[in-house]
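Below is one structure, written out as structure tokens, with a few remarks after it.
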Ligand SMILES: O=C(O)[C@H](O)COP(=O)(O)O
């Protein structure tokens, strides 16, 4: 009988650790087969997912013996947390374990877009030498505006300061006397949007944050600002982003997360938008973070199954 079902990719060493002690069913594509998943879960006490598996509705209904969900990441919007609580199912995210990968994605994207020097291969291969067209900007001395000031945002701020950036943030849920504000100026949302050279979103997707960065928010940004969204797609209005880029109202954007993933037909909306980097929700995924995330979740799931936590 299966003890643990894993529905998405997971570091092989961590899977081997689980297999040494438990009967494991690991299918990295199972997230796309909800009926098969529901059929597998009837007597299974532990489920391990990333963010593509929807842990709700029929899947939870079918999982009558489920006690533990391991989440190979930090966002919990793919898991019905209320339904899990009602069923006494404990959910263990990999808090902190992918932060550094997200930090590097944000900083790297901001540097690439500020510098503006890395999209010239076609011209170079055609024999051009566009030296005067590729004079970009330094990151040092620029203002980073963090929208959301949780653990990952703070880590981004820490690294940004090391590069000489000034860091400001908006987060109404962080108390005014929180020590985190000692190194970062708290501003209201409009002030962050209106004054930052690089804006990075670090918000969970909730009814309150859905669509927060829309047409009005883009209108407040500096026309040469860079936007990075490695948080959740629904937080930002994709059509408004494209309009801002096409209208010269925004300097560039790196977008890792989308309203609908994968993009499919939704990809069309981004066609022709300049200075835009699109990536498939991988800001938190590196070889190193996969190892840390998988090791942490494997340990937490085993501890829960063995009554050690
Ligand atoms: O919530 C997260 O931690 C990130 O979105 C990454 O999630 P993933 O590793 O499941 O893609």
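The numbers here are math on the coordinates, done by the rules we state, and not lab data. Small disclaimer: the values here were computed from a predicted structure and weren't measured. Counting neighbours? That spans all protein chains shown, and the Cβs are built from the backbone with ideal geometry, glycine included.
Of note:
- Put in line by how crowded their Cβ is, counting other Cβ atoms within 10 Å and starting with the fewest, 238, 306 read 306, 238.
- Fraction of alpha-carbon pairs over 28 Å apart in region 173-309 - percent: 32 percent
- Förster radius 45 Å - calculated FRET efficiency between residue 58 and residue 275, Cβ distance, rounded to 0.05: 0.60
- Reciprocal mean inverse distance between Cα atoms of region 99-278 - Kirkwood radius, Å: 16.7 Å
- Note on region 29-86: along the principal axes its Cα atoms extend 27, 26, 17 Å, ordered by decreasing extent.
- Sites residue 65 and residue 119, calculated FRET efficiency, Cβ-Cβ separation with R0 35 Å, nearest 0.05: 0.10
- The relative contact order of region 54-183, computed from alpha carbon pairs under 8 Å that lie at least 6 residues apart in sequence, is 19 percent.
- Nearest 10 degrees, 0 to 90: helix 287-305 Cα axis against the chain principal axis: 30 degrees
- Spin-label pair residue 108-residue 219: with each label point 7 Å from Cα along the Cα-Cβ axis, the two points sit 3.7 nm from one another.
- Of the residues 68, 287, the one with the fewest other Cβ atoms within 10 Å heads the list, and the complete ranking is 287, 68.
- Using just its DSSP H runs of length 4 or more, each adding -39500 (n - 2.57), the chain gives a mean residue ellipticity at 222 nm of -9500 deg cm²/dmol after division by all residues.
- Approximate spin-label separation residue 86-residue 129, in nm, with each point projected 7 Å along Cα-to-Cβ: 7.0 nm
- Distance between region 4-64 and region 259-309 - C-alpha centres, whole angstrom: 16 Å
- For the options 136, 284, 252, a Gaussian network treatment of the chain with springs between C-alpha atoms closer than 10 Å singles out 136 as fluctuating the most.
- Out of every Cα-Cα pair that the chain contains, those further apart than 25 angstrom amount to 54 percent.
- Whole-Å semi-axes of region 149-253's equivalent ellipsoid (Cα gyration tensor): 23, 16, 12
- FRET efficiency for the residue 151 to residue 1 pair, using the beta carbon distance and R₀ = 35 Å, is estimated at 0.40.
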